[in-house]
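A.B. asks: First the structure, then my questions, so here it is.
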Amino acid sequence: MMQPDYSRTQEVLAHEHSLADAAEAHGTLAGCLCAAAGYRFEDWLQEILPAGQAGAPASAALHELYEATSGALIQPDMQFELLLPEDGAPLGERTLALAHWCQGFLYGLGAGSIQDASELPGEVGEIVRDFIEITRAGLEGEASDEGNENAYAELVEFVRVGVQLLFEELAEARLPKAAPAPLH
């Protein structure tokens, strides 16, 4: 399933007065899908829209993004993609969007079942700490345009693969919590 494009999603969110841009909203969705049991489309709208719901055209477009994202995460062939501005957009805009995406993702983890994502153990914790650093991403003034483009492409790929690894590693966190057994 093809993921809706960034510009269209940005327009839909602006029309619905979302406080998050398209990148941050998608990051939030991915983070919640990684960390929350039974995360629904309606739950995501509550996170990203002031009224917690959207008009019919916007709802359809956002639902398409929700389905594409949740579907890609559960696929074993690593089809997941970040929702970011198209390659032709200025690098500064794309870099800022990647920082917003990671910020949204970290928020989504926290909104799910992961209270302090930076405290996760091992490789998973390292990825989350790297995402925290990426929220501060900017362009290197001295680096060439080609160097900045390559660095950006590497960061996007790192985040994309990192999200898929986190989705797999946090599978247990998404399991519904069993009710405590009654005392006799």
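The values are calculated or read from the model by the stated rules, or taken from the named source; none is laboratory data. All values derive from a computational prediction rather than experimental measurement. Quick reminder, even Gly has a Cβ in these numbers, built from the backbone with ideal geometry, and neighbours come from all protein chains shown.
A.B. asks: Inside the stretch 16-27, can you point out the residues that are over 14 Å from residue 160 (Cα atoms) and of a type outside the set (A, V, I, L, M)?
C.D. replies: Start the filter on the stretch 16-27 by keeping residues that are over 14 Å from residue 160 (Cα atoms), which leaves 16-22, 24-25.
Residues satisfying the conditions are 16, 17, 18, 21, 24.
A.B. asks: Give the residues of the stretch 106-128 that are touching a residue at least 24 places away in the same chain (Cβ under 8 Å) and part of a loop (DSSP other than H, G, I, E, B), sorted by residue number.
C.D. replies: 112, 113, 114
A.B. asks: Does residue 89 satisfy the condition of being outside any loop (DSSP other than H, G, I, E, B), more than 18 Å from residue 165 (Cα to Cα), aliphatic (A, V, I, L, M) and modelled with pLDDT under 95? So that I can check it myself, show each step before the final result.
C.D. replies: Working: outside any loop (DSSP other than H, G, I, E, B): no; more than 18 Å from residue 165 (Cα to Cα): yes; aliphatic (A, V, I, L, M): yes; modelled with pLDDT under 95: yes.
Judged against the criteria, residue 89 is not a match.
A.B. asks: Which condition number in (1) more than 22 Å from residue 134 (Cβ to Cβ); (2) of a type in the set (Gly, Ala, Ser); (3) in contact with a Gly (Cβ under 9 Å, 6 or more places away or on another chain) is the one that residue 60 fails?
C.D. replies: In the conditions (1) more than 22 Å from residue 134 (Cβ to Cβ); (2) of a type in the set (Gly, Ala, Ser); (3) in contact with a Gly (Cβ under 9 Å, 6 or more places away or on another chain), residue 60 misses (3) alone.
A.B. asks: Going residue by residue through the stretch 47-57, is there one that turns out to be within 19 Å of residue 128 (Cβ to Cβ) and of a type outside the set (Asp, Glu)?
C.D. replies: Among the residues of the stretch 47-57, not one is within 19 Å of residue 128 (Cβ to Cβ) and of a type outside the set (Asp, Glu), which makes the answer no.
A.B. asks: If the Cβ limit is 7 Å and pairs must be 6+ apart or interchain, which residue in the stretch 85-105 that is in contact (Cβ under 8 Å) with a residue 24 or more places away in the chain pairs with which residue that is among the basic types (Lys, Arg) and assigned to a helix (DSSP H, G or I)?
C.D. replies: Between residues of the stretch 85-105 that are in contact (Cβ under 8 Å) with a residue 24 or more places away in the chain and residues that are among the basic types (Lys, Arg) and assigned to a helix (DSSP H, G or I), the close pairs are 85/94.
A.B. asks: Now for a separate question. Limited to the stretch 4-29, what total is found for residues that are of a type in the set (A, V, I, L, M, F, W, C), under 17 Å from residue 95 (Cα atoms) and touching a Pro at 6+ places or on another chain (Cβ under 9 Å)?
C.D. replies: Of the residues in that region, 2 qualify.
A.B. asks: Looking only at the stretch 72-86, count every residue that is in contact with a Phe, Trp or Tyr (Cβ under 9 Å, 6 or more places away or on another chain), surrounded by fewer than 17 Cβ atoms within 10 Å (Cβ to Cβ) and either at pLDDT 95 or above or not charged (D, E, K, R) (or both) and tell me the total.
C.D. replies: Looking only at that region, the number is 1.
A.B. asks: Those residues that are among the hydroxyl-bearing types (Ser, Thr, Tyr), within 14 Å of residue 70 (Cα to Cα) and not in a helix (DSSP H, G or I), I need them from the stretch 1-51; list them, please. Spell out how you get there, then give the answer.
C.D. replies: Pass one, the stretch 1-51, residues among the hydroxyl-bearing types (Ser, Thr, Tyr): 6-7, 9, 18, 28, 39.
Those left that are additionally within 14 Å of residue 70 (Cα to Cα): 28, 39.
39 - this is the single residue of the stretch 1-51 that is among the hydroxyl-bearing types (Ser, Thr, Tyr), within 14 Å of residue 70 (Cα to Cα) and not in a helix (DSSP H, G or I).
A.B. asks: Of everything in the stretch 23-59, what is more than 23 Å from residue 75 (Cα to Cα) and under 15 Å from the mean Cα position of the chain (by Cα)? Give them in sequence order.
C.D. replies: 45, 47, 48
A.B. asks: Tell me which of these residue 65 doesn't satisfy, since it passes every other one: (1) part of a loop (DSSP other than H, G, I, E, B); (2) over 17 Å from residue 134 (Cα atoms).
C.D. replies: Tallying (1) part of a loop (DSSP other than H, G, I, E, B); (2) over 17 Å from residue 134 (Cα atoms), residue 65 fails exactly one: (1).
A.B. asks: If we keep just the residues of the stretch 100-130 that are out of contact with any Asp or Glu (no Cβ under 7 Å at 6 or more places or on another chain) and under 18 Å from residue 48 (Cβ atoms), which is surrounded by the fewest Cβ atoms within 10 Å (Cβ to Cβ)?
C.D. replies: 110
A.B. asks: Specify which of the listed residues (97, 54, 58) is crowded, with 19+ Cβ neighbours inside 10 Å and not in a helix (DSSP H, G or I).
C.D. replies: Result of the check over 97, 54, 58: 54.
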